[in-house]
Amino acid sequence: MRNLRIGLLAAAAIAVVALPQGTRSARADDFELAMVIKETTNPYYNATLKGAQIAAKETGGTNKNYGPTQSSAQAQVELINNLADRHVAAIAVAPSDPDAVVPAMKRAQKLGSKVMTFDADSGAEGRPFFVNQATSDSIGRYGAVLLAKAMGGTPKGKIAIVSAQPTAANQNLWIESFKDEMKKYPDVEIVDTVYGYDNEQKAFDATVALTTKYPDLAGIFAPTCPGLPAVARALESVDKGHGKIKVSGNCVPTITSKYMLDGTIEGFYLWDPIKLGYVTYYAAKNFAEGKIAGKPGDSFTVKEGKWPGTYTIGDNGQIITGEPLQFTKDNYKDYDF
């Protein structure tokens, strides 16, 4: 009988060792969410991190931002691989390139980490679901509506777009919807799209080049942070600011509101990135604990806390956390990010 007990204990020990790390459900006290962001120098991701930290305090666990100082898909791949090797419970990725990160994300899932995207999406094969700040269509059309309003309601003339990078999936979708909304105005011509690569100086230089190439430019749409304030700064440097060229776009208030206050940016908006980080944390924790499988129709409920409610993965594989939010002279101080 003693030998039998020893044999059973040995078998149980072997079974525990053989169990792949990361496959067990995460407990509240050891849950870790790693947020792989586009770049650590972008203040926007301080706001999403703040939201995740609020959720962590409400439920237990930890979270941290991981990212390069300048946007780089290869750097994100290396970070995801390193986190997967550590068997981090959950990894939420905001991809710089929607395709480049997919192999690393799939590898992380095989090693036991629960992987999802937030803020920007990857290819669908790389993740079970995406935590989205608002529908891409609403974000793009909102920028068009604000720019049209700034241009007098019935806009005419040449418009250019300053985006982050050609591979930014979220911004490409916003631009597509922006262009579709602008089709309502036959006297508008969208003449160019240029890229600042999430770098203020590059966005500044690209904007100055636009004003040289198109001296009669009437408007700019800049769905990029920190690109939007760089666009405003560039326009002011060539005496095209303060409403001479109308501007709409999205970015955080801390680095953009000054250009709204001086009249260079008329249509300034975003969504609530703090709420985005908050919902991302809850989604990741429920996923890691096996309370949702990450499939369309799955939902989780935040009963108490800063943003209570039920959040559901839609048929498109997305959890939508809110709607576009315009910043004005009356409300921008209410958002400290």
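Brief remarks follow.
- Pairs with C-alpha atoms separated by more than 21 Å, drawn from the list K149/K240; K179/K240; K57/K258, are K179/K240; K57/K258.
- Acute angle (nearest 10 degrees) that the helix 2-18 long axis makes with the longest principal axis of the chain, alpha-carbon atoms: 10
- Cross-link pairs K38/K303; K110/K291; K114/K291; K38/K275 - those with Cα-Cα distance over 21 Å: K38/K303
- Contour minus Cα-Cα distance for A293 and E176 (0.36 nm per residue): 39.0 nm
- Shown here: region 215-296, whose C-alpha atoms stretch 57, 23, 15 Å along the first, second and third principal axes, sorted largest to smallest.
- The base-10 log of I(q)/I(0) for region 44-148, evaluated at q = 0.13, 0.14, 0.20 Å⁻¹, reads -0.52, -0.60, -1.09 [Debye formula, identical scatterers on Cα atoms, solvent excluded].
- Computed accessible area, W174, all protein chains, 1.4 angstrom probe, square angstrom: 10
- Of all accessible heavy-atom area on region 94-204, the percent that carbon and sulfur account for (1.4 Å): 50
- Efficiency of FRET between Q74 and A209 - r from beta-carbon atoms, R0 22 angstrom, step 0.05: 0.20
- Histogram of C-alpha separations across region 110-165, 5 Å bin width, %: 4, 14, 17, 17, 14, 10, 9, 7, 4, 2, 2, 0
- Hydrodynamic radius (Kirkwood) for region 166-210, which is based on Cα pairs only, to one decimal in Å: 12.0
- Packing here is the average count of other Cβ atoms within 10 Å per residue, and on that basis the peptides 61-70, 36-45, highest first, run 36-45, 61-70.
- Between 0 and 90°, nearest 10: helix 44-59 axis offset from the chain longest Cα axis: 40
- Estimated purely from DSSP H runs of n ≥ 4, each contributing -39500 (n - 2.57), the mean residue ellipticity at 222 nm for the chain is -12500 deg cm²/dmol once divided by its residues.
- Inter-label distance, D334 to D99: 4.3 nm, where each label sits 7 Å from its Cα along the C-beta direction.
- Spatial separation of Cα centroids for region 116-147 and region 197-271, in angstrom: 22
- Unit Cα scatterers, Debye sum, region 167-306: log10 I(q)/I(0) for q = 0.09, 0.22 Å⁻¹: -0.38, -1.36
- Per residue solvent-accessible surface (Å²) - the chain, probe of 1.4 Å: 43
- Going through [x] 6, 25, 30, 20, 11, 4, 2, 1, 1, 0; [y] 5, 27, 36, 25, 7, 1; [z] 5, 21, 23, 17, 12, 10, 8, 4, 1, the figure that equals P(r) over Cα pairs in 10 Å bins from 0, in percent as computed for the structure here is [x].
- Shape call, region 184-229: gyration tensor on alpha carbons, a/c limit 1.5: oblate
- Between 0 and 90 degrees, the angle of helix 200-213 with respect to the longest Cα principal axis of the chain falls at about 30 degrees.
- When nucleic acids and ligands are ignored and a 1.4 Å probe is applied, K244 ends up with an accessible area of around 120 Å².
- If you run the Gaussian network model on the chain, springs between alpha carbon atoms under 10 Å, then out of P103, P229, P253 the most flexible one is P103.
The values are calculated or read from the model by the stated rules, or taken from the named source; none is laboratory data. Given the structure is predicted, the values throughout are model-derived calculations rather than measurements. Ideal geometry is used to build each Cβ from the backbone, glycine not excepted, and the neighbour counts take in all protein chains shown. Ligands, DNA and RNA are excluded from the accessible area calculation, which covers all protein heavy atoms including side chains. Shrake-Rupley method; radii C 1.70, N 1.55, O 1.52, S 1.80 Å.
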